[in-house]
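The values are calculated or read from the model by the stated rules, or taken from the named source; none is laboratory data. Remember, predicted model here, so these are calculated numbers, not experimental data. As a convention, Cβ positions derive from the backbone with ideal geometry for all residues, glycine included, and neighbour counts pool all protein chains shown. SASA here: full protein model, heavy atoms, side chains in, ligands and nucleic acids out. Shrake-Rupley method; radii C 1.70, N 1.55, O 1.52, S 1.80 Å.
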Amino acid sequence: MKNKKKGGSAPKGPKAAKKSKTYSLNEDSFFSTESKKRRKIDRDEIESDSDDDYGVVGSDGEGGGEEAEEAEAIEETADEKRKRIAQEYLEKVRGLARREKEEEEDESDEEGEKEGERDSLVAKILQQQQLEDSGRVRRAIASRVQKPESTDEFRISVKHRQSVTAVALSEDDFKGFSASKDGTILHWDVDSGKSERYLWPRDEVLKSHGVKDPQGRATKHSKHVLALAVSSDGRYLASGGLDRHIHLWDTRTQEHIQAFPGHRGPVSCLTFRQGASELFSGSYDRTVKIWNVEDRAYIDTLFGHQGEVLSIDCLRKERVLSVGHDRSMQLFKVPEASRLVFRAPASSLECCCFISNDDFLSGSDDGSVELWSMLRKKPVCIVKNAHPFLAARKNVEQKDGDRIPNGHIENGDHTSQSYDCSSTYSWISSVTVCRGSDLAASGAGNGSVRLWAIESESKAMKPLHDLPLVGFVNSLAFAKSGGFLVAGVGKEPRLGRWGHISSARNGIAIHPLKLSSDDTDNF
């Protein structure tokens, strides 16, 4: 009987179960190298397999598929996501290299040699792009810009009823986008000037897309647009204005798809991070907000400005450059959750843009253009009276063939009474830089757009040419190749009505830039 009890049934009860179980270091979670998240996923997978074996009630094929998809979505770590994005970008660059090679050679050689040449071209493109993005190399375009001839001038290609407030170009420079104070948003072709209008949906549709009821004394939503931005892939167009919302549009169908509420003041500026779906918005509520247009989601809010945010810019890095009415320019480093503050000497900054990751450009309301470096809190170069305004120029009307003299007039009245540099007409309302190059431009209401050469070694700015254009130049955009310059011009300033030029025309003006041939411009 004793032997029978010893070899009988297994011990019962929890204490007996504990005694029967043996532990090893490999099974102990303390010594496991896997993360809790990974272990949780593995356990879920084991449990789902056991459920399938025993035919649990309610577990069908569709439910198992959904659980597998959720597990796959959770399984992708940050490193795996970065790898996937890098592979997608590499395939995109290979496609560009393949098209370039096909254009150069109509007849293909051996397949191996063709593949080798394509890979070398891909490596060259990636290396050059990395150097340009890091700011270590700039394309020498400024020295190649030829002096405009008498026939070269700004031509109004797209007309607006009211002053143009924002201009944006697609990544391939074939399409352009513009907005005005009356709420009109146009999508136009750069070569032909043919335009299509974005139609605002009904209030019911806007509310279904996320629009909140008007706040304050407003009884209806204002269509007044102050800012535009287009994504790098060309799929999305973002607009912002007095209604305190960011509106997202589909560029393929010109339809409204989403509205982002959250700002407590007018949205004054927008920019997309290059090569990503992150959207940054600046507002009169003194904040900069981050959004994800793919997920249609709010991400974060950046604080720091003590006045209205007027202009922002962003390159490929998660860094946002902004200027406000607090006489400061701030560089937000999003991953580090830190910021750098740059103080203007004695003026209010109106606009800004990146030259490279370490150098910036800004314009002030006293007519100065400033060059900044991330290593210094003050400007490394200040060009005062960058857009001088002649009192006699106030009533000048732009006619076909008429040329407006630039700031360095050799003949004429040079007395101090003839210049009105503190007026709103000499305010720097817009600055822009041809991406990855040393060519910049600034605009005001003095009757011309000025081109600049940025010297990286001496940290100086050299004026190149003045391009006559009557009106307030509220927005500027260079073609990526430097082949033309687009200006959004109007009779009134972008953010107010404290100035008026009756002889100006509201619209989009395009000026071609002739570049001398140089095979070494990319190095």
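Taking the stated definitions as given, is residue 282 open to solvent by less than 40 Å² (accessible area, probe 1.4 Å) and out of contact with any helix residue (DSSP H, G or I) (no Cβ under 8 Å at 6 or more places or on another chain)? Spelling it out, residue 282 is indeed open to solvent by less than 40 Å² (accessible area, probe 1.4 Å) and out of contact with any helix residue (DSSP H, G or I) (no Cβ under 8 Å at 6 or more places or on another chain). All told, residue 179 falls short of being within 18 Å of residue 485 (Cβ to Cβ) and at pLDDT 90 or above. When segment 62-105 is filtered for residues that are of a type in the set (Val, Ile, Thr) and modelled with pLDDT of 70 or more, the ones remaining, listed by number, are 77, 85, 93. Within segment 330-337, does at least one residue satisfy the condition of being assigned to a strand (DSSP E or B) and surrounded by fewer than 16 Cβ atoms within 10 Å (Cβ to Cβ)? Among the residues of segment 330-337, at least one is assigned to a strand (DSSP E or B) and surrounded by fewer than 16 Cβ atoms within 10 Å (Cβ to Cβ), which makes the answer yes.
Condition check ((1) touching a residue at least 12 places away in the same chain (Cβ under 8 Å); (2) at positive phi; (3) among the hydrophobic types (A, V, I, L, M, F, W, C); (4) out of contact with any Cys (no Cβ under 8 Å at 6 or more places or on another chain)) across all residues:
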site: 240; (1), (2), (3), (4): yes, no, no, no
site: 253; (1), (2), (3), (4): no, no, no, yes
site: 259; (1), (2), (3), (4): yes, no, yes, yes
site: 284; (1), (2), (3), (4): yes, no, no, yes
site: 289; (1), (2), (3), (4): yes, no, no, yes
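Beta carbons closer than 6 Å, at least 6 apart along the sequence or on distinct chains, pair a first residue in segment 438-455 that is acidic (Asp, Glu) and open to solvent by 10 Å² or more (accessible area, probe 1.4 Å) with a second that is part of a loop (DSSP other than H, G, I, E, B) and at pLDDT below 95 for 438/138. Listed here are the strands (runs of 3 or more DSSP E) enclosed by segment 223-284 that have at least 1 residues being touching a Pro at 6+ places or on another chain (Cβ under 9 Å): 225-230, 236-241, 246-250, 255-260, 278-283.
Checking 309, 341 one by one, the residue that is surrounded by 22 or more Cβ atoms within 10 Å (Cβ to Cβ), touching a residue at least 24 places away in the same chain (Cβ under 8 Å) and β-branched (Val, Ile, Thr) is 309 and no other.
Listed here are the residues, each with its yes/no results for (1) open to solvent by 90 Å² or more (accessible area, probe 1.4 Å); (2) touching a Ser or Thr at 6+ places or on another chain (Cβ under 8 Å); (3) touching a residue at least 40 places away in the same chain (Cβ under 8 Å).
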{"residue": "188", "(1), (2), (3)": "no, yes, yes"}
{"residue": "192", "(1), (2), (3)": "no, no, no"}
{"residue": "196", "(1), (2), (3)": "yes, no, yes"}
{"residue": "199", "(1), (2), (3)": "yes, no, yes"}
{"residue": "204", "(1), (2), (3)": "yes, no, no"}
{"residue": "208", "(1), (2), (3)": "no, no, no"}
{"residue": "223", "(1), (2), (3)": "no, no, yes"}
{"residue": "228", "(1), (2), (3)": "no, yes, yes"}
{"residue": "232", "(1), (2), (3)": "no, no, yes"}
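In this structure, residue 165 does satisfy being at pLDDT 90 or above and among the hydroxyl-bearing types (Ser, Thr, Tyr).
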